[in-house]
Amino acid sequence: MTVPQHEVTVFWRPGCGFCMALERQLADTDLTIHFRNIWEDPDAAEFVRNHAQGNEIVPTVQIGATVMVNPTATDVLSAANAR
């Protein structure tokens, strides 16, 4: 599964099974992924709350102006290809 090079930010927290699954599914792509731990980065936690109706739902993914809360790998790849 290969897509063009794009920068992706994944907001995550330790122990999140959905985060780990998304990371595994995106590992074989050409995406440049930056991970921000919401438990260690207050700005990251605030970003997630601002896009998840006040909740800290992870994974939350940002690609440019597009923000997705708990997306599938297919959703992330579609958004990256759309850029």
Calculate, axis by axis, the spread of Cα positions in the chain along the three principal axes, and write the results as whole Å, longest axis first. 32, 25, 17
Computed magnitude of the charge dipole of the chain (debye, nearest 20; Cβ of K, R +1, Cβ of D, E -1): 140
Förster-model FRET efficiency, 22 Å R0, Ala27 and Ala65, C-beta, rounded to 0.05: 0.30
Of Cys16, Ala82, Asn37, which is farthest on the positive side of the dipole of the chain, counting Cα position, with +1 on Lys and Arg Cβ, -1 on Asp and Glu Cβ, and the Cα centre as origin? Ala82
Pick from Gln25, Gln62, Gln53: which residue has the top mean-square fluctuation in a GNM of the chain where Cα pairs under 10 Å get a spring? Gln53
³J(HN,Hα), Karplus 6.51/-1.76/1.60, whole Hz, each residue of the stretch 18-24, x for Gly, Pro: 5, 5, 5, 5, 5, 4, 4
Relative contact order (percent, whole number), the stretch 7-82, Cα cutoff 8 Å, 6+ residue spacing: 35
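Taken together, the values in this text are just the output of simple stated rules run on the coordinates, not laboratory data. What you see is a predicted model; the values in this text were computed from it and never measured. Quick reminder, even Gly has a Cβ in these numbers, built from the backbone with ideal geometry, and neighbours come from all protein chains shown.
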